[in-house]
Every structure is written in C-alpha cells, then in structure tokens.
Amino acid sequence: MSGTANGSLTLTLDGSNKSLSVPLRSGTIGPQAADISKLYGSLGIFTYDIGYGATAACESKITYIDGDEGVLLHRGYPIDQLAEQSNFLEVAYLMLNGELPNKAEADEFHKGVMHHTMLHEQLRSFFSGFRRDAHPMAVMCGVVGALSAFYHDSLDITNEQHREISAFRLIAKLPTIAAWAYKYNIGQPFMYPRNDLGYAENFLYMMNAVPAEEYKVNPILARAMDRIFILHADHEQNASTSTVRLAGSTGANPFACIAAGIASLWGPAHGGANEAVLKMLEEIGSPENIPAFIEKVKDKNSGVRLMGFGHRVYKNYDPRAKIMQQTCHEVLKELGIKGDKMLDMAAELERIALHDEYFISKKLYPNVDFYSGIILKAMGIPTSMFTVLFAVARTVGWISQWKEMIEDKTQRIGRPRQIYTGSPLRDFVPASKRG
Ligand code: CMC
C-alpha cells in the first residue's frame, strides 16, 4: 500500500481477550482509512457496510471529492477551472496520464483519439438487430460489449500498448456508437465521424447532420457539450466506476468492463437521474403544482424523490451543478430561448427545496443532473439520450480508473463477503416426504 501508515486504532472483541491493532492509512488529503485487511484473519469477524458508505475499496490518484465542502478535484485541479479553461480531450489526457499535456502532447493525443473514431464496418449490422424503439442505453450495453469481439488485437491487459490502444478506441468510438444508436432510433442514415472536427463538435455533427445537406455545428453548443462532457468525466468510486473496477479485477477485457459500467450507470439513482428530472418536471406540469409535489416528496410512503437532488457523498451544493446552471443560462441565451418553462420550474423547485427544513436537515442539494437535462433538451437532444451522453463522458473516467487498477501491483480480485441470514445446515428432504 502506498498511502502512508499513520497511527492505529485498537479493536477489542468484547468478552474475550482478543484485540487487534488496526493501522490507519492517510492519503494526500481526505479522511484516514482503517486498514482492516487482517481483521478476519485475526479476530474472525467481517466488517459490514451496506452501500460502502464508509469503505475505501482502493487507492486512487485520479479524483478527490470533499462532500462536506462541495469540492471536486481531478488530479488536483478544481472542476470549475477545468470546465472553464480546459477541454474534454485535455481532461481525458490529464486523467489517463496524471499531468496536463503541453501543446505537442495535446495535439498528438487529439490525433491519437480521433484516429479511432470509426467503427468496424461489420458493427453496423449489430444496430439493425435491435428494435427501432429500443432504449439507446440498451443498444449501448450491447454494442459496447460487442467491441471485444472486433478488436482482438488490443485485448491483452498485461500489455501496456494494448491498454493504451483500448483506451483510445473506447474514448473515440463511444460518441459514434451513441450517435448511431440515436440515428437508428429515428430512422436516419448513420453519419460517419469527421476527424477534422473537435470531439464534442464531431459528436453533435453525427447526431444532427444528414447526408443530403451540409451541416455546421454551432460553436457555442459544441462548447457547451464539451463542458457537459468534462463535468461528467469522472467521479471517484461511484457505482458504475466500482462496477468497472470489480469487473476489471477478474482480468476481463476493457470493452467488457466498460459495458458493465454502462449497465450500472443506467439506473435512475445514478446516470438515469438526468432523464428522470425531465420526466419529473413534465409530470409536475406547472409551477402552482410544486408545493403539492414537494409535500409528496417529503412523505416517505409516497416513494417519490426529488430527482436531481441529494448525493451519497455531497452534503453541500454539488460543484458540478453550479457550473451546469451557468451553462444552462448560456445555452438558452444562445438559442434565443427566453423564459423556458422547464428552467423556471427547476429554479422554483430548487428555491423551495433549499428553504425547506426536510431538505436542509438531510443536507439535500441539487446534483449535477438537476440542470443537465434542461440544457440537453434545449439543444434538441431527446430525453432517452441523456444517460447515453453521460456514458460517453464517463468512459474517460472508467478507462482511467481501470488502467490505474491494472497497473497497481497490489490489485487483487474484488470479492466482498456477506452476513449469511439463510437456513443453517439441514438434510435434503425427498419430494415424497415434503408436506
Ligand atoms: N428526495 C427526497 N428525499 C431524499 C432524496 C431525494 N432526492 N435523496 C435522499 N433523500 C432522503 C432519503 O429519503 C433519506 O431520508 P431518511 O434519512 O429519512 O431515511 C435521506 O435523504 C438519505 O437518503 P439515502 O437514500 O439514504 O441516501 P443515499 O446516499 O443512499 O442516496 C441518492 C443518494 C443520490 C441515490 C439519493 O439522494 C437519490 O435518490 N437522489 C435522487 C436521484 C438522483 O438525483 N441521482 C443522481 C445522483 S448524482 C449523479 C450520479 O451519481 O450519477
């Protein structure tokens, strides 16, 4: 373990003379962690932590979150500085390599990624195997998983060059797969990528262009999309990233691992929340219905949550939500949208929630998804594609975390234990003797 050993705590098993000195580990910043790896061997007991709220499952140098203060750093750089001054591919380089690139490194990385944007032509036929009305996340799970059936030449995870090519391929091909999932759904021809365009620009081109006409991507919208990608690029050991790491810990190839991450991201408690926010706003319908909706959210028996609010780690305003809110205003202004009903309702919901004792006492604040759906909708992106865009961006974080794990010499297969609550040992009863 490279985190420094820094003191210890002593655990004593009540009613016995057994005790264990548990070393404390410190990272660069953030809370210390008790290294309980010897606990079972010494005292014969497991730790129990549903949802892993107090468990550090790995060491990582990529992302740091201080949930109480609302801080998010990638390789030490604050998210607001990256969103305002950097671009998505530069952030991708930073995550993968640890440092910001100089001009030559950035150009080479850009070329390296864009060189891989096309899909193997035979992958086209996979799309027609899906129903036209399939959710694009279902198509993403299938087609991304299928990449390992096409790129055999980069599947050796012990080979550094293979790992790098796979990373390039995933970052480069995800926008093409995402745009084609959309085109297939609406029955338009697939648009091949254009490597002379920027990363986000190329994605918007493949989504919106048709072969019959020239199409120019609005640079303000391309910039907004790039920023949305940056804001979603990585978020430490969240559910989908942990899924990628767990799948990767078995030695599975990176394409299979990222497909597992996409499946995990799909749920409404995670990446599916941006889609759920818009559905919620549509259901509320108009501002006068907000107070009644808030009452429903506060009633535990209703099962209704204020989507886009609350976070496992942030007990303060999600720093990404602030930038997203600002981007939202910029995009609506650029598109000449004045007084957007959805945005007005979201602002009113936020205002009421931030003054309500229920949300204050539970430290529930807007998260990254509260405003992202409104921007994407204004940009003409259909609701079903919201989580897909999240997957495109998060691929950078997933592959960086996967690479970091594979290159970590202390890495072992992930294998949690359990508290067994089923039947104790009993003898088999033949069918003729069962009551
Ligand atoms: N609306 C109403 N009540 C909530 C909400 C919400 N959005 N979120 C949490 N609570 C309540 C919850 O009922 C619980 O109350 P009590 O202590 O009385 O039982 C308390 O707050 C703690 O909630 P929890 O479910 O134990 O917290 P968690 O850390 O397990 O869940 C969360 C975090 C993000 C799943 C949850 O806040 C949530 O469901 N939010 C809405 C969905 C959402 O916006 N997800 C996107 C997260 S950010 C992007 C991403 O990660 O992909």
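A few remarks follow.
- Relative contact order %, the chain, counting alpha carbon pairs below 8 Å whose residues are six or more apart: 19 percent
- The range 169-219-the range 294-343 distance, computed between alpha-carbon centres (Å): 28 Å
- Distribution of pairwise C-alpha distances over the range 338-398, 10 Å bins, in %: 19, 40, 30, 12
- Charge dipole (the chain, unit charges on Cβ, about Cα centre) - positive-most of Pro416, Val217, Thr387: Pro416
- Where chymotrypsin sites (Phe, Trp or Tyr not before Pro) fall in DSSP loop in the range 27-118, at most 15 other Cβ within 10 Å: Phe46, Tyr48
- Using θ = phi - 60° in the Karplus curve 6.51 cos²θ - 1.76 cosθ + 1.60, the 3J(HN,Hα) couplings for the range 188-194 round to 9, x, 5, 9, 6, x, 10 Hz; x is entered for Gly and Pro.
- Angle between the chain longest axis and helix 273-284 axis [Cα atoms, degrees, rounded to 10]: 70 degrees
- Highest-fluctuation residue, Thr28, Thr421, Thr176 considered, GNM on the chain with Cα pairs under 10 Å: Thr421
- Our coupling estimate for the range 264-271, obtained by passing each phi through the Karplus curve with A = 6.51, B = -1.76, C = 1.60 and θ = phi - 60°, is 5, 5, 4, x, x, 7, 10, x Hz, Gly and Pro reported as x.
- Restriction of the trypsin sites (Lys or Arg not before Pro) in the range 365-435 to DSSP coil positions whose beta-carbon has at most 16 other beta-carbons within 10 angstrom yields Lys409, Arg412, Arg417, Arg426, Arg434.
- Overall, the chain carries a charge dipole of about 1400 debye about its Cα centre when +1 sits on the Cβ of Lys and Arg and -1 on the Cβ of Asp and Glu, all other atoms neutral.
- Cross-link pairs exceeding 32 Å in C-alpha to C-alpha distance, out of Lys173/Lys322; Lys38/Lys300; Lys216/Lys338; Lys38/Lys403, comprise Lys38/Lys300.
- Rg/Rh ratio calculated on Cα atoms of the range 228-360 (Kirkwood radius): 1.02
- Hydrodynamic radius by Kirkwood, which averages 1/r over all alpha carbon pairs of the chain, in angstrom: 23.6 Å
- Toward the positive end of the charge dipole of the range 55-122, with +1 on the Cβ of Lys and Arg and -1 on the Cβ of Asp and Glu, the farthest Cα among Ala56, Gly76, Met95 is that of Met95.
- The GluC sites (Glu not before Pro) of the range 90-158 that meet both conditions, a loop assignment by DSSP and at most 11 other Cβ atoms within 10 Å of the site Cβ, are Glu99.
- Order of Cys58, Cys141, Cys257 under a 10 Å beta carbon neighbour criterion, fewest first: Cys58, Cys141, Cys257
- Shape parameters for the range 330-435, alpha-carbon atoms, Rg then Dmax in Å: 25.0, 76
- Backbone HN-Hα couplings from phi across the range 296-308 [Karplus 6.51/-1.76/1.60, Hz, Gly and Pro as x]: 5, 4, 6, 8, 4, 6, 6, x, 9, 10, 7, 5, x
- Residues whose placed amide H lies under 5 Å from that of Val22, excluding near-sequence neighbours: Leu9, Thr10, Leu11
- Under 12 Å, Cβ to Cβ, from Ala321 - net charge with Lys/Arg +1 and Asp/Glu -1: -2
Values quoted throughout were computed directly from the atomic coordinates according to the rules given, and no laboratory measurement underlies them. From a predicted model like this one, the values you see are computed outputs, not experimental measurements. Using ideal geometry, Cβ is built from the backbone for each residue, glycine included, and neighbour counts are taken over all protein chains shown.
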